[in-house]
Amino acid sequence: MNRFLLTGSLFLASLMTTPRLAAAESRLLAPGARVEKLGGGYEFTEGPAANARGDIFFTDQPNDRIVRWDAQSGTFSDWLKPCGRANGTYFDARGNLLTCSDELNQLWSISPDKTVTVLVKDFGGRLLNGPNDLWVRPDGALYFTDPRYPRPYWKRDPKTQQAGEHVYFLDAKHASAPKPVATDLKQPNGIIGTPDGKTLYVADIGAGKTYAYDVQPGGELAGKRLFCNLGSDGMTLDAEGNVYLTGKGVSVFDKAGQQIEHLDIPEGWTANVTFGGTNNDLLFITASKSIYGARLRVKGAGRVVQK
């Protein structure tokens, strides 16, 4: 695996790309920082999530593995292989990595010692379409998206899957069946919520739009409103409430839904993004066969505090 060192606000690596956006041109990049290529050689990178110490775990789905970037040493290493073809991931407060493992269209919880617990294996007696992305609410309940992206490794009849592509809610005890809470979207994909648990953003990548919802205590979503006219694969939030969308590079919108920045990434597709690192100010970007990063002047929206 590639490795790099952090020095001040710059990344030093053996392989660097020409920076596409300098700090002087940016509202978000830290002084002297720029977007850098951190590593490559992957098949398709996805699903980054940071643990309590700032280490970042991401997936290389075609190779059926989860890779860990160590925030202290700056090294990459395989953490789990195979991993159920994990896609989107998110840490809960107990340090478990929750994954959208769509080899069998399931939702998993992977403990720090790598013990796997299947949280969701179907809905209504039928397989899910393919859990894609998820967000854990402060109380431990979670939301996940279930679009349909046929995989070459599936050996099943599509008729055994869900008829619609929905957003689901699973309560904090994970004991009951998930329930659909948004059923009117074309193809929900990226999802993220605010640290206070009050607002949920869902990207309808099929319609090219992102919506905001008011989160209800029982999991229901109310007050659906258009946030911006752009869909997204993965999403994240910073401490100022800015929303980061992916696809062609990284597009950043303020709380009012106005675009304030675009980070150009020299790859065909930017799949996902998260904050991590020891100071929670490293923007970590999964983009096709590579990983990119940038030091920002703003931190990510909260950090998981393990109980």
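Computed from the coordinates by the stated procedures, all read-outs in this text should not be read as laboratory data. Remember, it's a predicted structure, so these values are computed and weren't measured experimentally. With ideal geometry, Cβ positions are generated from the backbone for all residues, glycine too; neighbour counts draw on all protein chains shown.
Tabulated results
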{"item": "Set of lysines with alpha-carbon distance to Lys114 below 21 Å, sequence-local pairs under 8 removed", "result": "Lys81, Lys173, Lys307"}
{"item": "Under-5 Å amide H pairs with Phe227, H placed in peptide plane, nonlocal only", "result": "Thr210, Tyr211, Ala212"}
{"item": "Protection proxy ranking, peptides 71-80, 128-137, 141-150, average beta carbon neighbours within 10 Å, highest first", "result": "128-137, 141-150, 71-80"}
{"item": "Placed amide H near Glu261: partners under 5 Å, 5+ positions off or other chain", "result": "Val252"}
{"item": "Residues of type lysines that Lys37 reaches as a straight line, Cα spacing below 22 Å, ignoring anything fewer than 8 places off in the same chain", "result": "Lys248, Lys289, Lys299"}
{"item": "Positive-end residue of Leu282, Tyr153, Val167, charge dipole of the range 42-295 with Cβ unit charges", "result": "Tyr153"}
{"item": "Fluctuation leader among Asp122, Asp60, Asp113 - the chain, Gaussian network, Cα springs under 10 angstrom", "result": "Asp113"}
{"item": "Lysines with Cα under 22 Å of Lys179, excluding same-chain neighbours fewer than 8 positions away", "result": "Lys121, Lys159, Lys198, Lys224"}
{"item": "Cα gyration tensor, the range 42-295 - rounded (a/c under 1.5), prolate or oblate", "result": "rounded"}
{"item": "Dipole moment magnitude, nearest 20 debye, the range 42-295 about Cα centre, only Lys, Arg, Asp, Glu C-beta charged", "result": "600"}
{"item": "Segments 165-174, 188-197, 283-292 sorted - mean Cβ within 10 Å per residue, highest first", "result": "283-292, 188-197, 165-174"}
{"item": "Ranked list, fewest to most other Cβ atoms within 10 Å of each Cβ, for Thr278, Thr115", "result": "Thr115, Thr278"}
{"item": "Cα gyration tensor shape for the range 125-252, rounded if a/c is under 1.5, else prolate or oblate", "result": "oblate"}
{"item": "Spin-label pair Asn63/Asp184, simplified geometry with 7 Å Cα→Cβ offset, distance in nm", "result": "4.3"}
{"item": "FRET efficiency for Asn279 and Asp214, using Cβ-Cβ distance with R0 set to 25 Å, rounded to 0.05", "result": "0.20"}
